[in-house]
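Report on one structure; see the data block that follows.
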Amino acid sequence: MIHVTMNLKKAAIEGASDTPVLRLVALLERVASRHEPFALQGLVEDTGLPKPTLHRMLQQLEGAGLLRRESDGRRYGTGVRLRQLAENLLLNDTLHGARRAVLRQLVEEVGESCNLTALSGSDVIYLDRVETAAPLRFYLHPGSRVPVHCSASGKMFLAQMSPLQRKRLLAHAPLQAYTASTITVLSKLESEVAQVRRNGYALDNEEFLPGLVCLAVPVPALKGDTRSRANLCVALQAPAMRLSAETALKWLPVLRRAAVSFGRIDAERPKPAKAGSAARKAAPGAKALR
């Protein structure tokens, strides 16, 4: 059974890709699906490919800036160039129009600015945003970045990570104080994150900008989605003088409905042919895994 599984994974990289470039892309897809850095030996065991072959491929990807080595020199993680590519794809996605329509409808209903966010390194990036027509508002354009530790979306993303993943991320993101309300003590942030996980929503109560309140919920993974955590959040922002953190919660059901709509849009994206289907043709005995 294990041998067949390895054959499948190996075929997914070797057999399902016709050129060296596509084999590198297939390897990059497998690497990008991991939530933690990986070592060469672990990838050898995961794919069943020869160690020299994988080492050569990893060197190529590292040289192109798509992967980078961790400080220990043994493990690899996603590189700056790959993250920039992912951000550009999200910002200029073909689903932009459909997502923006949901945001516009949400803003019309709640009367406040709303945005769609994703995690990018140790920051939260605004993929899209629709502003309220109210004269008093905070203007943050798509592509803006906010710190992960003092934003509602950021705390929502942190709540879905393992303690080890949070530790690694926050090691490179000092808990800088932006306002008197910013959480700058790691133990307090961990308590806040635990509360966010229990509630299923996160609040930024003037922690990033004075007078700004934000409520965020995750875009849920729908049936058939293999993601172990949400990679998008939808958030509502308003001046504190118009909407307190407590009264913002009345919009929680509306925000969650919008999040489900975003999830459906993502689910309707055409999916590439599964590598496993090609692998089943190349690997004898594959039926044993069905």
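In table form, for the structure just shown:
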| read-out | value |
| --- | --- |
| Some residue of the stretch 159-166 being more than 29 Å from Gly79 (Cα to Cα) and in contact (Cβ under 8 Å) with a residue 24 or more places away in the chain | no |
| Check on Ser144, polar (S, T, N, Q), farther than 25 Å from Ala101 by Cβ and either within 22 Å of the chain's Cα centre (by Cα) or at pLDDT 95 or above (or both) | no |
| Any hit, the stretch 138-152, residues being free of Cβ contacts under 8 Å to residues at least 60 places away in the same chain and aromatic (Phe, Trp, Tyr) | yes |
| The stretch 152-198, residues that are within 15 Å of the chain's Cα centre (by Cα) and either under 18 Å from Val217 (Cα atoms) or not assigned by TED's automatic domain parsing to the domain that holds Pro218 (or both) | Ala152, Ser153, Gly154, Lys155, Met156, Phe157, Leu158, Ala159, Gln160, Met161 |
| Residue within the stretch 17-34 that is crowded, with 17+ Cβ neighbours inside 10 Å and modelled with pLDDT under 75 present | yes |
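The values are calculated or read from the model by the stated rules, or taken from the named source; none is laboratory data. Please read all numbers here as calculations on a predicted model, not as lab measurements. So basically every Cβ, Gly included, is an ideal-geometry build from the backbone, and we count neighbours across all protein chains shown.
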